[in-house]
Amino acid sequence: MVWNPAELPDAHGRTVVITGGNAGVGYFTAEQLAGAGAHVVLACRDPERAEAAVAAVRRRVRGASVEATPLDVTDRASVDALADALLERDRVDALVLNAGMVHPPRERTTDRYGNELVLATNVLGHFRLVARALPALERTGAARVVTLGSLATRLGRLRLDDIQLEHSYTSWRAYSGSKIAAQAFGFELERRLRASGSSVSSLVVHPGYSTSGRTPGIRGVNQPSRAKRFADNLQAAWTQGKDHGAWAPVRAVLDPDLTGDDYLGPVGRTKGVPTYAHPTRFSRSPRTGARLWPLLEAAAAQRFDVL
């Protein structure tokens, strides 16, 4: 089907949880889904920024149904609390794994459990959350897990013998490697869901090259400086706003024709309406997924059997 981001399918009656939904692509995913009628839950670390995002969605979307809930993806207790809360809901139609660290520290840093911080933020917290909250999606039926990948997967490597980057850390390796791991997790999750006969699907998308300087200004959500606007607009030929970057995860949530075999990204690779794209062979490889899965279980301290 031809997908038109301006004419979304009706989503009334659906509940969508978005991690890190207070800014960037996550915020605009929330706003667009709320505009389609979904009840949107913003799972965010900073309560003030979360409430600012909730207020913005309500200002910009008439009749929006939206709420915020706490989530720090680097804190296992916080992840577990959200999973428990999701298990108590009547339905969870989609879980969008959006929260992440885009600007890694220059020096290797770890979380409180000793995991490299970018991996912990971009992958491990989500792995633990899905493992614990999956029964809520199973109960809903035909629910979806949507993982935010990145074009950075084409420009870096993931060494499975050093996923914590104890021997080879750079900020770029941390970011690109975490996104490769995120995509590989999403694809492996889909394979395991299909093997188990589950009604839940796992889809992976990427938002292209989306920058804040080309994104609509919203009080408390996106307020780039004039200098940032100027610099980002110099790249207008190959960039887009984060509102357009959200088109891919929104389609992954709403398009009834999609399956877990599909990978979405902008039609122009870096910008444009979302269409079928091609992930890297490494991230999609069943061998990669099979080798990565136990490493994630160990690092997240979370066994994940898809039954």
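The values are calculated or read from the model by the stated rules, or taken from the named source; none is laboratory data. What you are looking at is a predicted structure, and each value in this text was computed from that prediction instead of being measured. Ideal geometry is used to build each Cβ from the backbone, glycine not excepted, and the neighbour counts take in all protein chains shown.
Here are the numbers:
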item	result
Hits in region 133-189 - residues which are modelled with pLDDT of 95 or more, in contact with a helix residue (DSSP H, G or I) (Cβ under 7 Å, 6 or more places away or on another chain) and either charged (D, E, K, R) or in a loop (DSSP other than H, G, I, E, B) (or both)	ALA143, ARG144, GLY149, SER150, LEU158, LEU160, ILE163, GLN164, LEU165, LYS179, GLU188
Residue check for ARG192: charged (D, E, K, R), at pLDDT 85 or above and either more than 18 Å from the chain's Cα centre (by Cα) or part of a helix (DSSP H, G or I) (or both)	yes
Unique residue being surrounded by fewer than 23 Cβ atoms within 10 Å (Cβ to Cβ), modelled with pLDDT of 95 or more, among the small types (Gly, Ala, Ser) and closer than 30 Å to GLY217 by Cβ when the list is GLY125, GLY63	GLY63
Number of positions in region 199-218 that are among the hydroxyl-bearing types (Ser, Thr, Tyr) and either at positive phi or part of a loop (DSSP other than H, G, I, E, B) (or both)	3
Among the residues listed as THR15, THR19, the single one being over 24 Å from GLN240 (Cα atoms), within 19 Å of the chain's Cα centre (by Cα) and either crowded, with 24+ Cβ neighbours inside 10 Å or in contact (Cβ under 8 Å) with a residue 24 or more places away in the chain (or both)	THR15
Any hit, region 25-42, residues being under 27 Å from TYR113 (Cα atoms) and either surrounded by fewer than 19 Cβ atoms within 10 Å (Cβ to Cβ) or touching a Leu at 6+ places or on another chain (Cβ under 6 Å) (or both)	no
Residue within region 159-171 that is under 21 Å from GLY289 (Cα atoms) and surrounded by 24 or more Cβ atoms within 10 Å (Cβ to Cβ) present	no
Residues (assigned to a helix (DSSP H, G or I) and touching a Gly at 6+ places or on another chain (Cβ under 8 Å)) located in region 55-75	ALA55, ALA56
Residues located in region 34-53, provided they are more than 22 Å from ASP84 (Cα to Cα) and either touching a residue at least 40 places away in the same chain (Cβ under 8 Å) or part of a helix (DSSP H, G or I) (or both)	ALA34, GLY35, ALA36, GLU48, ARG49, ALA52, ALA53
